[in-house]
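Following: one structure in C-alpha cells, then a few remarks.
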Amino acid sequence: MLIVMSEKKFAAFIVTYNRPDILMDTIQMMLDQTRPPDKLLIVDNNDNNDTKNKLAQLYPNVAHLWVGHNSGFAGGGNIGLETLAKEGYEWVLWADDNDPPYTNDTFEKLLKLADSYGSECGQVGVVGHKINKRTGLLRRTTNEELEKGEYLEVDTIGGGMIKIIRGASVLKGIKPTAKLFFGFEDLDHDLQQKKAGYKILVHSGLFLDLRKKWNRMSVNRARLGKKDEGVLWRDYYSIRNSLLVMVRNGYYSAFFSLLFVWIGKSLLSFKHGFRYGAKVCTNTFRAIRDFGIGRWYVRYLPGGPVKPRKYTQS
C-alpha cells in the first residue's frame, strides 16, 4: 500500500492593511522563489473586502484570513504564526505586505541554513543585530563579523527582514504580544525565543549582498530632524512598546536609558517650533503614561481604543 505523506515543511503569511496592489506584487515575488512556500496565507487587517476580492481574482489558491479589525503587525503576526504552526508547518515566514524577498533564492538559502543547524535553530533571516542590554539600542552587525562564516548568531531579526520561524517554538507559546499592535513586536518575540534557548541566525551572504545593494557597507549617522506630523503616531507605539520590552526582559538600565532618550528627543523637538514641539511632547508623555498605567490600545486614536472582533479564514 502506498502511503502519501503531506508536505508541511514551509508556509508563509503576509500581514496586510489596505494596500492590495502592493500585496499582489509581494505575493507574486514569493511564488516566483526557487523554493516557494507550500502554503501562503494572507492575514487581512482591512475593514473592507478589497483585498479578498482581488485575491479571488488573481490568486484564488492563496488562503485568506479576515481579522475583522486592524490588529497591527503584532496582532497579525500572532494570528498568522499560531494558525500555521497549529496546521503543522515546520517553518513559517512572518512578512509584511511591502517586504518581498530580495533575491529569487532567498527562501531556499534560508531554509537550507535552518535545516543544517539543527533543532536549536529557532529562526533564520537576512538582517539581524544584537541588543545592548544597558542602553536598549541595537548594535550594528559589522561587515567583518559577516565575512567570518556562512551565518551569524544575533539577538533579533527585524520585521520585514525575511523572518522564518520554527513552528515548534510557536506551539510552546512563543508568539508576538498582540497588544503591542505595532513597533518592537519583533524584538519582543525574538527575546522570548532566546530565553527559551533557541538560536537566531542570519545568512551572512544574503546580509552582505543586501548592504551592497542598498549602499550600506559603511555607517552614516542619522541626524535628528523634523518628522512629518502624519507619522508621529509611530513614535507613540515605539516609546510605549520599547519600555515594556525592556522591563519584561529585566533590562532595567536600558529602560531608564530609553526613557531619558525619548524625553530628551521630545524637548529638542521645540527647535522646530513651539507647536511641533508641543505635539511631540504630548505624544511622548501619552506613550509613557499609557505604559505606566497598562493601557494597550488596539490602535491609537484620539477617541480611544477600537475593540477587536472575531477573525475568519476562507
Residue 167, sole failed condition from (1) out of contact with any strand residue (DSSP E or B) (no Cβ under 9 Å at 6 or more places or on another chain); (2) open to solvent by less than 10 Å² (accessible area, probe 1.4 Å) | (1)
Failed item, numbered, when residue 94 is tested on (1) within 29 Å of residue 254 (Cα to Cα); (2) among the aromatic types (Phe, Trp, Tyr); (3) open to solvent by 10 Å² or more (accessible area, probe 1.4 Å) | (3)
Is it the case that the range 127-143 has a residue that's within 18 Å of residue 111 (Cα to Cα), touching a residue at least 40 places away in the same chain (Cβ under 8 Å) and open to solvent by 10 Å² or more (accessible area, probe 1.4 Å)?
-> yes
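Just checking, how many residues over the range 15-29 are part of a helix (DSSP H, G or I) and touching a strand residue (DSSP E or B) at 6+ places or on another chain (Cβ under 6 Å)?
Taking the range 15-29 and keeping what is part of a helix (DSSP H, G or I), we get 20-29.
Of the ones still in play, those that are also touching a strand residue (DSSP E or B) at 6+ places or on another chain (Cβ under 6 Å) are 23.
Summing the residues that are part of a helix (DSSP H, G or I) and touching a strand residue (DSSP E or B) at 6+ places or on another chain (Cβ under 6 Å) in the range 15-29 gives 1.
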Does the range 152-179 hold any residues that are more than 21 Å from residue 117 (Cα to Cα) and β-branched (Val, Ile, Thr), and which are they?
-> 177
Which is among the β-branched types (Val, Ile, Thr) and touching a Lys or Arg at 6+ places or on another chain (Cβ under 8 Å), of 247, 219?
-> 219
Quick one: how many residues across the range 232-286 are without any contact (Cβ under 8 Å) to a residue 24 or more places away in the chain, more than 23 Å from residue 138 (Cα to Cα) and either among the acidic types (Asp, Glu) or surrounded by 14 or more Cβ atoms within 10 Å (Cβ to Cβ) (or both)?
-> 4
Breaking point among (1) assigned to a loop (DSSP other than H, G, I, E, B); (2) within 18 Å of residue 181 (Cβ to Cβ); (3) at pLDDT 95 or above, for residue 81 | (1)
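Restricting the range 195-231 to residues that are more than 24 Å from residue 126 (Cα to Cα) and in contact with a helix residue (DSSP H, G or I) (Cβ under 9 Å, 6 or more places away or on another chain), which is least open to solvent (accessible area, probe 1.4 Å)?
Filtering the range 195-231 down to residues more than 24 Å from residue 126 (Cα to Cα) leaves 223-231.
With the extra rule that they be in contact with a helix residue (DSSP H, G or I) (Cβ under 9 Å, 6 or more places away or on another chain), the set shrinks to 224-227, 229.
Numbers: 224: 84, 225: 41, 226: 119, 227: 87, 229: 57 Å².
Among those residues, the one meeting the criterion is 225.
The values are calculated or read from the model by the stated rules, or taken from the named source; none is laboratory data. Since we're looking at a predicted model, the values are computed, not measured. All Cβ positions, even for glycine, are placed from backbone atoms using ideal geometry, and neighbour counts span all protein chains on display. The accessibility values were calculated without ligands, DNA or RNA, using every heavy atom of the protein model including side chains. Shrake-Rupley method; radii C 1.70, N 1.55, O 1.52, S 1.80 Å.
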